[in-house]
Amino acid sequence: MTEYLSTDELLNLIKKQSEIPTYNFKKKVKFKINRKHIFWFAVILSIIHILSQSITFFSENRGINTLGYTTVLAVPMDQELDDELTATVARIKKLDLETLVIGDKVIIYGKYGSDFYWIEEVIAIDLEQNEITTTFDGLLANTVSIDEIEGVYIEDANFLQLLSYISTNTRGYIILILTYALVLSAVYFLYVNKKPKNKPLTS
């Protein structure tokens, strides 16, 4: 037997349904990384690198006073003085007498009447006389003023540090900027700003 609601019951049911809250579910907008995002991120990294190299290029002593370290072309200790000498790009840091100990390797400029930086090992430190005794081949000892020490050897430069060294001279600095400008311009016009081809209409 079918039961019918009275008028009052219908009104109460409609009232209850109207009190039920309704929720509007909005679709979340997903952030998609596209070509332009990647390109501008690369531009920002390039600008940061150029600015860091500008600090090194325009500061005294190739940036060692500003950044605490730099790269120089130096003659390493693994060769004989009477043979043909080869140099390597070395990463050095600013001299700190409080941390300098015997056995550390330091950078000295103009040894043996040359125009090169030399890597030599510290064998004695005399702070009272403001002198350091070093050796290049483990046999000959040289006493130099602490003021002649250009820095403390850290390690041979890696690829990125080698690029930093190249950009410390005027030609390398200009080449660095031009390279970034040409590469980023080519990427922008050939890849980022490239308009998609119109697909042919199918019947």
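Read the figures in this text as sums done on the coordinates, not as results from a lab. The model shown is predicted, which means the values in this text are computed figures rather than measured ones. Positions of Cβ are generated from backbone atoms using ideal geometry, with glycine treated the same way; all protein chains shown enter the neighbour counts.
Observations
- Taken one residue at a time, the phi angles of segment 75-90 give Karplus couplings (6.51, -1.76, 1.60, θ = phi - 60°) of 8, x, 8, 8, 8, 8, 5, 8, 9, 5, 8, 10, 10, 10, 7, 10 Hz. Gly and Pro are set to x.
- Counting neighbouring Cβ atoms within 10 Å and putting the fewest first, the residues 100, 67 line up as 67, 100.
- At an R0 of 30 angstrom, the distance between the Cβ atoms of residue 38 and residue 158 translates into a FRET efficiency of 0.75.
- When 37, 49 are sorted by how many other C-beta atoms sit within 10 angstrom of their C-beta, beginning with the fewest, the order is 37, 49.
- Cα gyration tensor shape of segment 37-117, rounded if a/c is under 1.5, else prolate or oblate by comparing a/b with b/c: prolate
- Summed side-chain charge close to residue 187 - residues other than residue 187 whose Cβ falls under 13 Å, Lys, Arg +1, Asp, Glu -1: +3
- 5 angstrom amide H check on residue 104, placed H, neighbours 5+ away: 122
- ³J(HN,Hα) computed for each position of segment 165-181 - Karplus, 6.51 cos²θ - 1.76 cosθ + 1.60, integer Hz, glycine/proline x: 5, 4, 7, 7, 9, 4, 5, x, 5, 5, 4, 4, 5, 5, 4, 4, 5
- The local environment of residue 88, defined by Cβ-Cβ distances under 11 Å, has a net charge of -2 under the rule Lys, Arg +1 and Asp, Glu -1.
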